[in-house]
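Report on one structure; see the data block that follows.
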Amino acid sequence: MNAGKRFTYGAQFDPQKAPLADLLQLAADLAPDRYALQEAIRQRYFPQHGKDPMQQAQNSNTMAMNCLLSLKSYQLISVSDDGKQSQLTDLGRELLTLRDDVAMLHRRFAVHILTKLEGLLLARIVERIRARGEQVTLEYLGEEVNEIGIRLPTNSTYISTMRQWLAEAGVFRATSYEVNWDVAYDLLEVDADLIDRLYNLEPEQSYFLRSMLDLDARDWLPSNKIANHTRSIYKIRLTTKNLVLDVLEPLVAAGLIEKHKTTSGRGAKPDEVRLTAQATNQVLEPLLANLVAKTQMTLADLNRTFEDVVVELDDPDKHRRGVALELFAIWLIRLLGLRFSHWRLRAYQATGGGEVDVMAASDKIVYSRWQIQCKNTKSVGVEVIAKEVGLTFLTKADVVMVVTTGKFAQDAVNYANLVTDNSRYYVILLEGDDVRRIAKDRTRIVNILNIKARRAFAKRELGQSAFDEDVELQDLEGLETEIELEQAITDVAS
């Protein structure tokens, strides 16, 4: 089982005691001898520590080693597998070129901490505690960090280390846990006016935009399908008649989306929309950067399209299949508007790319916890479903989703239906055909899940058993308009 991501290690990495430019210069001068670098750090910054002469040497060496490990954790140096060699990373070399401009050096380092490490998450947690009118303490911060699945040892100084480095760039006030958001937005190149416009959006506009972010709408998508996603995921009432006037045009005026008419094909076509470069750079990318910190995936990976990820599930290389399966799970979470909680099992590390387990949560209408397993196998039997349902005793999940690129055995389907019909749990099964439908059209995921939900409702609440889900899903393939889709889904439950 995965124990969760660890908060960035930061012991004896003190900007007041060990200036960043000096540390980087030492690392450059003494590369590739890791132990020469550690000894130089000891002599310069930790020559002695403690009153007992017998312990001074040991304490000094330990503190120097901790400082070097912090440089590694902050991605400023890399250390060879045998631990004997070290060298500056690309980031470390870039920062070293700024050593004569200390302010710029600290600002660039702060950008790295905010976007690649837990800096932005830390700032948001601090803001959340302050908004509740509570005092921000290291102990309180540690509890909050651990609650969201990021491991932080008790009484560690890692948070205060990160706060100090961010304070060097003005993100935090010099002596307090008070966030200067103007500085943070400036460092992240987020337009303050854009933030104001986001806050001033009407709920229908805000949630439509959120759906576009969920769907990664950087390319043109039909506005009616995004509206359907918004209705299904966020339970917001959007009317087709006033969609353009009430939602699309205000978002265009705010510089967040572009729209155009398409006249190809039969009948009246809805407007197509996509995110503007401003919305992509200043809204979507920071969201992905936050997801990077939580999932331990790279920004390059998270920027890959859903379609490309599905294709790579068949890659002959096991490692690539494993990474693709993790990205596939994250994409499902994004498409469903859920919040990533933590990994239960990392696929390529533990199973050679065969399966991945992930936890997610939703706070829409009521809080629910999702337990998701993705399997890149030809067939899934009843034992897999039984295991996932059994694990809900530990995970406290309300929804169990099992996804396979292959097929579910009939006994697995029967068991999932039995659990859904006779317990508080809702078990969702998505198989290869569903995956291919979603890869063809990402917005189709809500229609697929709506049909499955209506089926469960019809059986559990109405006592209806005559329901051919496969036929209904196949029928959706030829439907194009929102009215046709809504009517088809309604017909399923009638």
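The values are calculated or read from the model by the stated rules, or taken from the named source; none is laboratory data. Every value quoted in this text rests on a predicted model; they were computed, and no experiment measured them. Quick reminder, even Gly has a Cβ in these numbers, built from the backbone with ideal geometry, and neighbours come from all protein chains shown. SASA here: full protein model, heavy atoms, side chains in, ligands and nucleic acids out. Shrake-Rupley method; radii C 1.70, N 1.55, O 1.52, S 1.80 Å.
Report the label-to-label distance for TRP181 and ARG128 in nanometres (one decimal), using points 7 Å from each Cα along the Cα→Cβ vector.
Between TRP181 and ARG128, the simple spin-label model gives 1.5 nm.
Between SER368 and ARG173, what FRET efficiency comes out of the Förster formula 1/(1 + (r/R0)^6) with R0 = 25 Å and r the beta carbon distance, rounded to 0.05?
0.10
Fully extended, how many nm does the chain gain between ARG44 and ASP433 (0.36 nm per residue separation, minus their Cα-Cα distance)? Walk me through the numbers on the way to the answer.
Details: separation 389, 0.36 × 389 = 140.04 nm, distance 6.29 nm.
Using 0.36 nm per residue and subtracting the Cα-Cα distance, I get 133.8 nm.
In what sequence, highest mean first, do 97-108, 235-246 appear when ranked by Cβ atoms within 10 angstrom? Before the final figure, lay out each step's value.
Values: 97-108: 15.2, 235-246: 13.7.
My ranking of the peptides, most packed first, is 97-108, 235-246.
Between beta-carbons, use under 11 Å as the cut-off and find the net charge around ALA409, counting Lys and Arg +1, Asp and Glu -1.
Numbers: positive: LYS378, LYS407; negative: GLU383, ASP411, GLU431.
Charge balance near ALA409 sits at -1.
Using amide H atoms built 1.01 Å from N in the peptide plane, name the residues 5+ places from PHE408, or on other chains, whose amide H lies under 5 Å from its own.
VAL380
What relative contact order, as a whole-number percentage, does region 116-253 give when Cα pairs under 8 Å and 6 or more residues apart are counted?
Numbers: 78 pairs, mean separation 20.4, N = 138.
For region 116-253, the relative contact order is 15 percent.
Using a Cα-Cα cut-off of under 20 Å, which lysines could be cross-linked to LYS261, ignoring same-chain neighbours fewer than 8 residues away?
LYS225, LYS241, LYS269
Extension gain ALA409-LYS378, at 0.36 nm per residue separation less the Cα-Cα distance, in nm?
On the way: separation 31, 0.36 × 31 = 11.16 nm, distance 1.00 nm.
So the chain would gain 10.2 nm between ALA409 and LYS378.
Cα-based Rg of region 238-346 per 2.2 N^0.38 Å, rounded to two decimals?
1.35
Once amide H atoms are built 1.01 Å from N in the peptide plane, which residues 5 or more positions from GLU355, or in another chain, come under 5 Å H to H?
When sequence neighbours closer than 5 places are left aside, the close amide H contacts are ASN376.
Find the accessible area per residue for region 65-224; the probe is 1.4 Å, ligands and nucleic acids are left out, and the unit is Å².
Values: 7750 Å² over 160 residues.
Accessible surface, normalised per residue, equals 48 Å².
Just to verify a number: FRET efficiency for ASP441 and ASP314, C-beta to C-beta distance, R0 = 30 Å, to 0.05?
So, using R0 = 30 Å, E works out to roughly 0.90.
So for the pair GLU202, GLN16, with labels modelled 7 Å out along Cα→Cβ, what separation do we get in nm?
Label-label distance for GLU202 and GLN16, simple model: 5.3 nm.
What list of ³J(HN,Hα) values in whole Hz, one per residue of region 322-335 in order, does the Karplus curve 6.51 cos²θ - 1.76 cosθ + 1.60 (θ = phi - 60°) give from phi, with Gly and Pro shown as x?
Those phi angles translate into x, 4, 4, 5, 5, 5, 4, 4, 5, 4, 4, 4, 5, 5 Hz.
How do 250-257, 292-299, 151-158 rank on mean C-beta neighbours within 10 Å, highest first?
250-257, 292-299, 151-158
For ALA36 and THR89 in one chain, what is 0.36 nm times their gap in residues minus the Cα-Cα distance, to one decimal in nm?
The ALA36-THR89 span can extend by a further 17.3 nm.
Can you figure out the FRET efficiency of ASN281 with ASN61, using R₀ = 56 Å and their beta-carbon distance, to the nearest 0.05?
Numbers: r = 46 Å, r/R0 = 0.81.
Approximately 0.80, to the nearest 0.05.
Take the alpha carbon atoms of region 311-345, find their center, do the same for region 135-179, and report the distance between the two centers in whole angstrom.
30 Å
Can you tell me the relative contact order of region 57-132? Whole percent, Cα pairs under 8 Å, sequence separation 6 or more.
15 percent
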